[in-house]
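Please read the structure below before turning to the comments.
Coordinate-derived values only; no laboratory data. Nothing here was measured: the structure is a model prediction, and the numbers come from that model. As a convention, Cβ positions derive from the backbone with ideal geometry for all residues, glycine included, and neighbour counts pool all protein chains shown.
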Ligand code: SF4
Ligand code: SF4
């Protein structure tokens, strides 16, 4: 049955998908085996990449420091796991209604894919997970900015991507010339609270790959620092860490932790319990808000992509590089940041949580106890 790129794009528009691009499979021939659409679906002829916008207003609460759920809910987890996959599914069904197989690709990240044993001797280890950003480049949807965030001409960095592989041979879109959108302004570098993005001019910290005959480069982002920050262990942008660990002077920019270690560290801390009978406010959670936001919104996203999306978006809006324009600028006052410093004096043997709890519950009972640490 006839199926054209134009038919797919018209259907995508009807479904409410913001952007669609199509790449021919040969553009991905240099992709590593475990990230190659053809390892996944050997007969694939085309890769369809769709983008859904992140509404600019989902950053407002985190920008004001007054509301943190919205970014995680509407702009991250639910956009990536519900709103966009639902439309990806609908588009895949439309393709299959025309007699062509359509593989909607599970939105995982390649660096987190498990190294499982092959199911047979002639197979590669599963799961094959393609980089949706590289698929997006090959499908002409946009480019990878210096920050490694995917940029589009319509929405700048405010998009989440999905992909479908099909055996239908479709008219491909031209690849966006590298440097069309990213201005190499360095705002993402300066505003990232984890100091995770390398300087724009540091050629040693650039990743370069080839897609469809184009050389594509971006900064080698320190994913350990990014993950620590994004998952809430950076006091500079987490009032919740500051509240439950007021004495922690942990400088994320000085760490060289790997992404894997950062995951192992942040999730157990967020989901853990510590029975402290004197600190009633946090219901036994290690960090009360983290368990709450994970359970209610499905993810943290606690830095609100301060550098790689918010600052980049502002820079590109000012440079006239984003077609989706607004009446008012995003930043209406200087952004907030929390100082990474110890609260109060050196602690030593003193346990302020116990003291506060006892003073509240049993005033006077600590009479005669050591008052100050000699630390
Ligand atoms: S802020 Fe955006 S436009 Fe500027 S260098 Fe970073 S990715 Fe490129
Ligand atoms: S998600 Fe946050 S920590 Fe990671 S690069 Fe973006 S601004 Fe930096």
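Kindly identify region 119-194 as rounded, prolate or oblate by the Cα gyration tensor criterion: order the square roots of the eigenvalues as a ≥ b ≥ c, call it rounded if a/c is under 1.5, otherwise compare a/b with b/c, prolate if a/b is larger, else oblate. Verdict is oblate for region 119-194.
Centre-to-centre separation between the Cα atoms of region 298-338 and those of region 221-277: 23 Å.
For the chain, what class follows from the C-alpha gyration tensor (a ≥ b ≥ c being the square roots of its eigenvalues): rounded when a/c is under 1.5, otherwise prolate if a/b is larger than b/c, else oblate? In terms of gyration-tensor shape, prolate. Shape of region 49-115 from the C-alpha gyration tensor: oblate (a/c of 1.5 or more and a/b not above b/c, with a ≥ b ≥ c the square roots of its eigenvalues).
As a test of the formula, what do you get for the chain when each DSSP H run with n ≥ 4 contributes -39,500 (n - 2.57) and the sum is divided by the residue count, at 222 nm and rounded to the nearest 500 deg cm²/dmol? Result for the chain: -7500 deg cm²/dmol, rounded to the nearest 500. Distance between the 7 Å Cα→Cβ label points at residue 256 and residue 116: 3.5 nm.
Each peptide in 328-338, 31-41, 241-251 receives the mean, over its residues, of other Cβ atoms within 10 Å, and ordering these scores from highest gives 31-41, 241-251, 328-338. Scoring 254-262, 303-311 by mean Cβ neighbours within 10 Å over their residues and listing the highest first yields 303-311, 254-262.
With axes computed from alpha carbons, what is the tilt in degrees of helix 84-97 against the longest principal axis of the chain, rounded to the nearest 10 within 0 to 90? The angle comes out at about 20 degrees. Compared with the dominant principal axis of the Cα atoms in the chain, helix 259-271 is inclined by about 50°. Most tightly packed first, judged by the mean number of other beta-carbon atoms within 10 Å of their residues, the peptides 73-80, 94-101 read 73-80, 94-101.
By how many degrees, 0 to 90 and rounded to 10, does the Cα axis of helix 5-15 deviate from the longest principal axis of the chain? Approximately 40 degrees, to the nearest 10.
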